[in-house]
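The values are calculated or read from the model by the stated rules, or taken from the named source; none is laboratory data. Source: prediction; values computed, not measured. So basically every Cβ, Gly included, is an ideal-geometry build from the backbone, and we count neighbours across all protein chains shown. Surface accessibility is based on the protein's heavy atoms, side chains included, excluding ligands, DNA and RNA. Shrake-Rupley method; radii C 1.70, N 1.55, O 1.52, S 1.80 Å.
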Amino acid sequence: MSRAIGVFDSGVGGLTVVRELIRQLPGESIIYFGDTARVPYGIKSKETVIRFSIENILFLLKQEVKLICIACNTVSSIALPVIRGHFRVPMVGVISPGAREAVYATKNKRIGVIGTKATIASGAYEREIKALDERIRITSSACPLFVPFVEEGWLNQKAVLEVAGVYLEPMKKAKVDTLILGCTHYPLLKSVLKKVMGPGVTLIDSAKQVATEVKQILSADGLLEANLKPTRSFYVSDGPAWFSGLARRFLGHPVNNVIKAESF
Ligand code: DGL
């Protein structure tokens, strides 16, 4: 029986990871769940994010997915380490792949990390980076205004540039040569971030590495598929029309047939 890859996020941002999964694994079916009723997770407590994550995982397991990809940085940093051991299904988060790529990319051993308040407070990226190379200096900043900017479609406006200038000041002072975009929404702000940081700074968007890791796990477990007609299903906990409207920005093409999940 052919089984899909399950992907979940606090909302619509995880579609940046789905986009890369489709590119690298075109023969795989995907079931996506966006917890649009309870987004944002980035300002919630660890206990709450863990509870929501378990509910989301149980929803995907009911659809008999073969692997769960946690596209949300907040969940990957504060919930995944706690819940991973409680499920048999393989789970891939976004922190280790992003950290690995950044360690590989940096030449001056100074890495910047930006993310939600919860992700930055967790220190998850720092831990992963230090475990790989303890000489690396890390500068972190929470950038809570970026998520609403992206959801409003403000990707290049002057106001975004000004806010980014304030948020990224510590990164510039620290002379980082590599910046981890530690939140699902930030890849859409790449051109502004590039403008602020300058051409010498490498921006790390972990989606590519995440998709590569999913591919490696499926291949090692003999679970890779080459469906000629893979299916892509999109579930949300609220506002399917809102999700459809935003999906194009994150995925690159429109998403129709968004379903409101019954259990939420
Ligand atoms: N998906 C979240 C993340 O990557 C951003 C939105 C939220 O705060 O829920 O951290």
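Applying the condition of being assigned to a helix (DSSP H, G or I) and within 10 Å of the ligand (Cβ to nearest atom) to region 5-28 and asking which residue is surrounded by the most Cβ atoms within 10 Å (Cβ to Cβ) yields Val17.
Here Phe52 fulfils each of the conditions (1) near the ligand (Cβ under 9 Å from one of its atoms); (2) closer than 14 Å to Ala79 by Cβ apart from (1). Which residue, of Ile31, Ile68, is open to solvent by less than 10 Å² (accessible area, probe 1.4 Å) and either within 16 Å of the chain's Cα centre (by Cα) or of a type outside the set (Ser, Thr, Tyr) (or both)? Just one listed residue meets the conditions, Ile68. Residues in region 192-230 that are touching a strand residue (DSSP E or B) at 6+ places or on another chain (Cβ under 8 Å), among the polar types (S, T, N, Q) and modelled with pLDDT under 95: Ser206 alone.
Looking at (1) in contact with a Leu (Cβ under 7 Å, 6 or more places away or on another chain); (2) more than 16 Å from the ligand (Cβ to nearest atom), which is the only condition Lys62 fails? All conditions are met except number (1). Beta carbons closer than 7 Å, at least 6 apart along the sequence or on distinct chains, pair a first residue in region 39-52 that is part of a helix (DSSP H, G or I) with a second that is surrounded by 22 or more Cβ atoms within 10 Å (Cβ to Cβ) and not aliphatic (A, V, I, L, M) for Val49/Tyr41; Val49/Thr74; Phe52/Asp35; Phe52/Tyr41. Scanning region 75-126 for residues that are open to solvent by less than 30 Å² (accessible area, probe 1.4 Å), part of a helix (DSSP H, G or I) and hydrophobic (A, V, I, L, M, F, W, C) returns Val75, Ile78, Leu80, Ile83, Ile95, Ala99, Ala102, Ala105, Ala118, Ala124. So which residues in region 151-177 are assigned to a helix (DSSP H, G or I), open to solvent by less than 90 Å² (accessible area, probe 1.4 Å) and more than 25 Å from Ala247 (Cβ to Cβ), if there are any at all? Within region 151-177, Leu161, Gly165, Tyr167, Leu168, Glu169, Pro170, Met171 qualify.
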